[in-house]
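Notes for the one structure printed next.
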Amino acid sequence: MKSKIFLFLLFSFNILIAQTVKEKLAASEKEQFIKNYKISKVTYPGDSNIDVLYYKLNLSLTHQPNNLSGIVTVSLKPVNSSIDSFFLDLQNNFTVDSVLLEGSKQTFSQPSGQAKLIINLYRTFTTSEKLSIDIYYHGIPGSSGFGSFTFGTDGNGGEAIYTLSEPYGASDWWPNKDTPADKVDSSDVWITIGDNLTGVSNGSLESVTDNGNSTKTFKWKNHYPIASYLISLAIAGYSTYDTYYHYAVNDSMPITNYLYPQSNTEYAHSILDKVANMIKIYADHYGPYPFLKEKYGHAQFGWSGGMEHQTITSLGVVDENLIAHELGHQWFGDKVTCATWHDIWLNESFATFSESIYYENAYGKASYDSDIASKMNIAKTDNTHSVYVEDISSVNSIFRYTTTYAKGAVVLHMLRGVLGDSTFFNILKTYNSDPRFAYGSATTGDFKSVAESLSGKDLTYFFEEWIYGKGYPNYKYNWNFTYAKNNMYRINLTVGQDMKFSSQLFSMPIQIKITTDNSDTTITIFNDIESQDFTFMVNGIPTGLVFDPGNYIMKEGLLTEQPKEIFPDLYLLENNFPNPFNPATTIRYFLPRLKHVKLIITDVLGQRVTTLVDEVQPAGRYTVPFNASKLSSGIYYYTLVTDEFRRTKKMVLVK
């Protein structure tokens with residue numbers, strides 16, 4: 001799920017503007033939540049004594065007057081122990097007319113002030129038995145959270161009815177076990193509405209029946225496991241725009257877009273035409289589109305953003321970034337669903353990171369880098385909350401953009417940097433296809449176990465710091481270098497963390513890029529203490545050092561000293577390079593202190609050919625070119641002379 005206001009955040013390079021928009025969004029969502037949602041009514045995670053297997057929603061809806069009446073069939077079995085009663089989540093603004101089991105009425109109750117429908121069974125059912133309950137009910141649905149059920153308009157005077165049940169809103173309009181962990185094996189949604197409207201839901205449209213009384217019934221069948229919050233309705237006087245995703249030579253899947261008539265424009269088509277390529281990009285990185293037997297599509301609704309209803313995203317605006325986000329959810333959120341709302345980052349962070357993956361593959365690596373940098377700047381505005389949601393009683397905590405979306409996406413980017421592309425994307429594919437989680441649910445620990453198994457690394461430090469921990473490090477570093485021999489230089493690097501900035505010490509591999517006059521060298525160090533020294537060798541004179549060149553760590557970084565060369569306490573005259581040479585070569589030497597220096601070239605007879613240097617020079621490293629284009633082939637000597645040092649070396653000119 002994502003609000004369209006977040007789109008501006010991701011493309012804004014002005015963090016102050018982004019922060020203002022984020023705060024307005026958070027305030028509006030929080031206000032709506034406080035106004036409509038009574039957390040005391042939430043029963044979570046539902047009745048743990050039952051495992052729900054199937055839902056069928058047979059609903060009739062009218063708009064003006066607003067009303068919903070229906071029959072909801074719930075198939076289930078007892079778990080843990082035998083049962084003679086159970087409960088489903090249902091707000092008590094509904095009137096339940098009857099509950100039938102095997103055609104016989106069962107007694108039931110709706111306790112005041114609780115979102116529960118308690119059903120008493122006529123006998124005890126054991127864990128080996130399955131039962132199917134039909135619930136007849138009617139009333140006006142509630143609209144908690146982000147607007148779980150809305151009787152609205154299409155923005156142009158037409159009727160529109162739509163749902164958005166995440167996180168706790170499914171019970172606002174139908175009886176169910178409202179927890180993301182208990183996914184049913186399949187579902188049906190039958191929608192009876194006025195014949196001027198189109199009813200849209202999950203899965204495949206099996207039939208449309210004209211009832212002869214100015215109503216039609218749309219029968220949708222979902223063949224895949226689904227969480228209750230992902231079951232949806234979208235009803236309006238839609239017009240459609242269809243494209244196809246060709247996943248094999250002779251196989252394709254429809255991409256069906258249900259749009260309000262005024263939104264069915266050429267511009268919208270130009271954006272929707274990109275969806276097939278988005279699916280291909282995600283399929284290449286995550287595995288096949290999870291619901292190939294059915295469809296993908298969008299149904300426009302009146303909320304400002306989008307919601308990843310399985311196979312049919314509800315979309316407030318036709319926007320490329322928003323579509324990329326919600327499509328990513330089909331793998332992360334719909335196929336593999338977070339087992340608890342504590343683990344919501346497994347849905348939202350992965351979808352937010354998917355936006356960046358789409359940009360990288362559609363528009364290039366620079367686009368990916370820019371998008372990640374923008375998300376990182378937003379995440380760094382929040383130093384007090386963890387990605388793992390500690391308080392799931394607050395919708396503001398569950399859907400906090402700085403952590404659940406932005407920081408979580410950056411964490412995946414960082415994990416990519418720690419493990420490398422091949423291992424990282426293998427982890428995403430394996431996690432999404434693992435039979436323990438595919439079409440089921442997973443926790444943060446489950447994802448961690450897959451990452452550790454495939455990488456062969458203990459990633460406890462990484463998850464403790466970045467998922468369960470808070471904040472980010474402030475690195476302090478300085479460096480210098482000394483000459484070793486044969487044009488090799490020793491880099492001395494000190495890396496520390498400012499513990500006044502963060503009370504938590506971060507253990508992380510850090511890439512260091514050294515630029516020399518010969519080439520670039522990138523090494524990886526592992527910093528896990530407050531101050532740490534590293535030494536390594538490079539070829540050529542160091543000219544620069546870049547700390548974390550790939551921006552793979554969410555951090556502040558401070559170079560505490562300008563880099564400097566530490567000169568040896570002795571004179572050094574290097575071998576000239578190249579040698580043999582034609583027609584030019586380079587001579588290098590070191591002075592430990594201020595001296596009058598001569599650098600003289602002589603031939604094999606000891607006769608002076610030329611004097612390259614004859615002056616007072618301070619301590620330092622010197623590079624002197626020698627052009628021998630006017631000399632004949634042969635052996636020559638170069639001599640470094642001071643009042644206390646004299647050394648001669650041989651060089652060969654070959655023409």
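The values are calculated or read from the model by the stated rules, or taken from the named source; none is laboratory data. Note that this is a predicted model, so its numbers are computed, not measured. Neighbour counts are summed over all protein chains in view; Cβ atoms, including those assigned to glycine, are modelled from backbone coordinates with ideal geometry.
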- prompt: What number of residues within segment 624-647 are touching a residue at least 40 places away in the same chain (Cβ under 8 Å) and part of a strand (DSSP E or B)?
  reply: 8
field: Those residues of segment 224-279 which are among the small types (Gly, Ala, Ser), crowded, with 20+ Cβ neighbours inside 10 Å and not in a helix (DSSP H, G or I), in sequence order
entry: ALA227, SER232, ALA234, ALA236
message: Looking at segment 68-91 only, could you name the residues that are in contact with a Pro (Cβ under 9 Å, 6 or more places away or on another chain) and within 12 Å of PHE125 (Cβ to Cβ)?
response: PHE86
- request: Might you let me know whether segment 275-283 holds any residue that is in contact with an Asp or Glu (Cβ under 6 Å, 6 or more places away or on another chain) and either basic (Lys, Arg) or closer than 14 Å to MET1 by Cβ (or both)?
  value: no
message: Checking VAL395 against (1) farther than 20 Å from ASP284 by Cα; (2) at pLDDT 95 or above; (3) of a type outside the set (Ser, Thr, Tyr), only one condition comes out false. Which one?
response: (2)
query: Which condition does TYR638 not pass, out of (1) touching an Asp or Glu at 6+ places or on another chain (Cβ under 9 Å); (2) closer than 22 Å to GLY540 by Cα, if it passes all the others?
result: (1)
task: Among what's in segment 435-456 and is in contact (Cβ under 8 Å) with a residue 60 or more places away in the chain, part of a loop (DSSP other than H, G, I, E, B) and of a type outside the set (Ser, Thr, Tyr), pick the residue that is nearest to ILE467 (Cα to Cα).
output: PHE437
- request: Within segment 451-471, identify whether any single residue is closer than 30 Å to PRO568 by Cα, over 19 Å from the mean Cα position of the chain (by Cα) and among the hydrophobic types (A, V, I, L, M, F, W, C), and answer yes or no.
  value: no
- prompt: Looking at GLY333, GLY364, which is the one that is buried (at least 23 other Cβ atoms within 10 Å of the Cβ), outside the structural domain of GLY169 (by TED's automatic domain parsing) and on the phi > 0 side of the Ramachandran plot?
  reply: GLY333
field: Residue among ASN474, ASN487 that alone is on the phi > 0 side of the Ramachandran plot, in contact (Cβ under 8 Å) with a residue 40 or more places away in the chain, crowded, with 17+ Cβ neighbours inside 10 Å and out of contact with any Lys or Arg (no Cβ under 6 Å at 6 or more places or on another chain)
entry: ASN487
- prompt: Which ones in segment 558-572 are part of a strand (DSSP E or B) and under 19 Å from VAL641 (Cβ atoms)?
  reply: LEU572
task: Run down ASN527, ASN539, ASN551, ASN518 and say which single residue is more than 13 Å from TRP479 (Cβ to Cβ) and out of contact with any strand residue (DSSP E or B) (no Cβ under 9 Å at 6 or more places or on another chain).
output: ASN551
message: Under 8 Å between Cβ atoms, which residue pairs at least 6 apart in sequence (or on different chains) link something in segment 554-577 that is of a type in the set (Ser, Thr, Tyr) with a partner that is part of a loop (DSSP other than H, G, I, E, B)?
response: TYR571/PRO592; TYR571/THR642; TYR571/PHE645
- prompt: For segment 198-223, which residues satisfy the criterion of being in a loop (DSSP other than H, G, I, E, B) and over 16 Å from VAL336 (Cα atoms)?
  reply: SER201, ASN202, GLY203, ASN211, GLY212, ASN213, SER214
- request: Look at segment 377-399 and say how many of its residues are assigned to a helix (DSSP H, G or I) and either in contact (Cβ under 8 Å) with a residue 24 or more places away in the chain or touching a Pro at 6+ places or on another chain (Cβ under 9 Å) (or both).
  value: 6
- line: Picking from LEU558, LEU605, the residue that is at pLDDT below 95, under 55 Å from the mean Cα position of the chain (by Cα) and not polar (S, T, N, Q) would be LEU558
field: segment 337-356 - residue that is among the β-branched types (Val, Ile, Thr) and touching a helix residue (DSSP H, G or I) at 6+ places or on another chain (Cβ under 6 Å) and, of those, surrounded by the fewest Cβ atoms within 10 Å (Cβ to Cβ)
entry: ILE344
- prompt: What's the number of the condition LYS295 fails, among (1) free of Cβ contacts under 8 Å to residues at least 60 places away in the same chain; (2) surrounded by fewer than 20 Cβ atoms within 10 Å (Cβ to Cβ); (3) under 29 Å from LEU59 (Cα atoms)?
  reply: (1)
query: How many of the residues in segment 73-91 are closer than 11 Å to PRO175 by Cβ and polar (S, T, N, Q)?
result: 2
Unique match (being out of contact with any Ser or Thr (no Cβ under 6 Å at 6 or more places or on another chain) and either among the acidic types (Asp, Glu) or surrounded by fewer than 17 Cβ atoms within 10 Å (Cβ to Cβ) (or both)) among GLY103, GLY70: GLY103
